[in-house]
1. Considering only 67, 55, 89, give the residue with the highest GNM mean-square fluctuation for the chain, with springs between Cα atoms whenever their separation is below 10 Å.
2. For each of 125, 107, count neighbouring Cβ atoms within 10 Å of the residue's Cβ, then give the residues from fewest to most.
3. Using a Förster distance of 25 Å, how high is the FRET efficiency between residue 148 and residue 103, based on the Cβ-Cβ distance and rounded to 0.05?
4. Among 36, 97, 67, whose Cα projects farthest towards the positive end of the dipole of the range 25-163, with charges put on the beta-carbon of Lys, Arg (+1) and Asp, Glu (-1)?
5. For residue 84 and residue 30 in the same chain, what is the full-extension length gain: residue separation times 0.36 nm, less their Cα-Cα distance, in nm?
6. By how many degrees, between 0 and 90 and to the nearest 10, does the Cα long axis of helix 93-102 differ from the longest principal axis of the chain?
7. Which whole-number percentage describes the relative contact order of the range 25-163, with Cα contacts under 8 Å and a sequence gap of 6 or more?
8. Would you mind getting me the FRET efficiency between residue 72 and residue 111? Use the beta-carbon distance for r and R0 = 25 Å, nearest 0.05.
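The numbers here are math on the coordinates, done by the rules we state, and not lab data. Only a predicted model underlies this, so the values are computations on that prediction, with no experimental measurement involved. When we count neighbours, we look across all protein chains shown, and the Cβ atoms used for this are built from the backbone with ideal geometry, even at glycine.
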Amino acid sequence: MRAILSSILLALCLVSPAHAADKPAAGARAADVAAIDQVVEQFKAAIIARDGKTLSTLFLQDHDSWLSVADEAKWAKVKARHPQAPKVLPSSWKKFAEFIQEAKMPVEERFYNVRIDTNGAVASVWFDFDFLVDGKVSNRGSESWQMVRAEDGWKISSMLYSMGD
């Protein structure tokens, strides 16, 4: 029995330091969160400036996973007009960057309750938002980004957002 307990204790001692090494130090995590927050700010500024080119640089170039999901109230309205309409719509950051670049009216996305979680290699950003066109809210909901730290900094690899009124 004593040999079994000693073996378990030894295994725990060997595993714990390796697991602790996987977690970034507090200073490294703070630096990553600040860098990711900078991407959030660049995203907002590029929309306001209608700068699709800068907006494009914030995304992982060879990957495009972008989905919008209608909330229940919005989907009920859409289904009443278009019974075959899907609840989940695929799109792309490329189409969004083009929309922003070609917008004839002012556009803006306001972010609220931004939450960032990262281990230094991957990150998740979650926030509530209002999307405005010509000063009027055209969509509001929640949005999440999956991000990766690429060779040239933090990039958005996928985006998921809800569509609501």
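1. Comparing 67, 55, 89 in a Gaussian network model of the chain, the most mobile one is 89.
2. By the 10 Å Cβ count, ascending: 107, 125.
3. Efficiency for this residue pair is about 0.35.
4. It is 67.
5. Roughly 14.8 nm would be gained on extension.
6. For helix 93-102, the angle is close to 40 degrees.
7. Relative contact order here is 27 percent.
8. Step by step, r from the Cβ atoms, then E = 0.60.
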